[in-house]
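The values are calculated or read from the model by the stated rules, or taken from the named source; none is laboratory data. Computed from a predicted model, the values in this text were never measured in an experiment. A quick note on method: Cβ atoms are made from the backbone with ideal geometry, for glycine too, and the neighbour counts reach across all protein chains shown. Heavy atoms of the whole protein, side chains included, go into the accessibility calculation; ligands, DNA and RNA do not. Shrake-Rupley method; radii C 1.70, N 1.55, O 1.52, S 1.80 Å.
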Amino acid sequence: MGDMSRVGVVGCGLMGSGIAEVAARAGCDVVAVEASPEAAEAGRNRVVRSLDRAVGAGKLPEEERDAALGRFLVTVDREAMADREIVVEAVVEDEAAKVEVFRWLDETVAEELALLASNTSSIPIMKLAMATQRPAQVVGIHFFNPVPVLKLVELVTSLLTSDETAAEAERFAVERLGKSVIR
């Protein structure tokens, strides 16, 4: 695996924008994909407002906010996920919608060893993994809200998730994002 510095986020709503912000603040190159230009703009605005709040509260220097925003892109182009090393799905909590996302991620993400993760809290990871040709690389990384504030991340595996995937996902959450992992 690479250093997991190329992060994709599918969905830039409340949870997705928080995940994107945390990854960008951690030095990752973050691309978020949204369903429409309006949703993309709203997602970017969420991240900007959150970073501005952190600056206003004295928790983040302006230069770090600017650097994080420089590493963050929101687009409607699904092909932007092609070179990602890890992609975290954070769309509406609907099984059919999430399965569809995992299908197109499987077809789009070219990085052979990329991790495909879901932020789901209720849908079995196995169901999402079965929508791909790489079920061993599918894992749940469930962030808690608000993502930029709460340190806890739940790592959820399926019977198909490889030990390597679980270890890489945990390393990403702990070493790259500074989170604490529970299984």
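Taking max minus min of the alpha-carbon positions on each principal axis, the range 120-177 gives extents of 34, 23, 14 Å, largest first.
In terms of accessible area, using a 1.4 Å probe and ignoring ligands and nucleic acids, Ser162, Ser121 rank largest first as Ser121, Ser162. For the chain, find the longest principal axis of its Cα atoms and tell me its angle to the long axis of helix 14-25, 0 to 90°, nearest 10. Around 70 degrees separate the two axes. Taken along its three principal axes, the alpha carbon spread of the range 33-77 comes to 34, 16, 8 Å, from the longest extent down to the shortest. Expressed in units of 2.2 N^0.38 Å, where N is the residue count, the Cα radius of gyration of the range 1-79 is 1.04. Taking Cα atoms only, the orientation of helix 37-56 departs from the longest principal axis of the chain by about 50 degrees.
Relative contact order, whole percent, for the range 1-143 stands at 25, derived from Cα pairs under 8 Å and 6 or more residues apart. Between the Cα long axis of helix 95-108 and the first principal axis of the chain there is an angle of about 90°, rounded to the nearest 10. Protection proxy ranking for 135-146, 171-182, using the average of other Cβ atoms within 10 Å per residue and placing the highest first: 135-146, 171-182.
Excluding ligands, DNA and RNA, the accessible surface per residue across the chain is 46 Å² with a 1.4 Å probe. Estimated at 0.36 nm per residue, the fully extended path between Glu93 and Thr75 surpasses their Cα-Cα distance by 4.4 nm.
From its DSSP helices (H runs of at least four residues, each -39,500 (n - 2.57)), the chain gives a residue-normalised ellipticity at 222 nm of -11500 deg cm²/dmol. Distance from the Cα centroid of the range 48-124 to that of the range 12-33 is 5 Å (rounded to whole angstrom).
For the range 76-183, the calculated P(r) over all alpha carbon pairs, in 10 Å bins from 0 to the bin holding the longest distance, is 16, 51, 32, 2 percent. For the chain, DSSP calls about 15 percent of its internal beta bridges antiparallel.
With K and R counted +1 and D and E -1, the other residues having a Cβ less than 9 Å from that of Val55 yield a net charge of 0.
For the range 43-131, the fraction of alpha-carbon pairs lying more than 16 Å apart is 62 percent, rounded to a whole number. Length, then width, then depth: along the principal axes, the Cα atoms of the chain run 45, 33, 29 Å.
For the pair Glu154 and Glu41 in one chain, pulling the backbone fully straight at 0.36 nm per residue adds 37.8 nm over the alpha carbon distance. Placing +1 on the Cβ of every Lys and Arg and -1 on the Cβ of every Asp and Glu, with nothing else charged, gives the chain a dipole about its Cα centre of roughly 580 debye.
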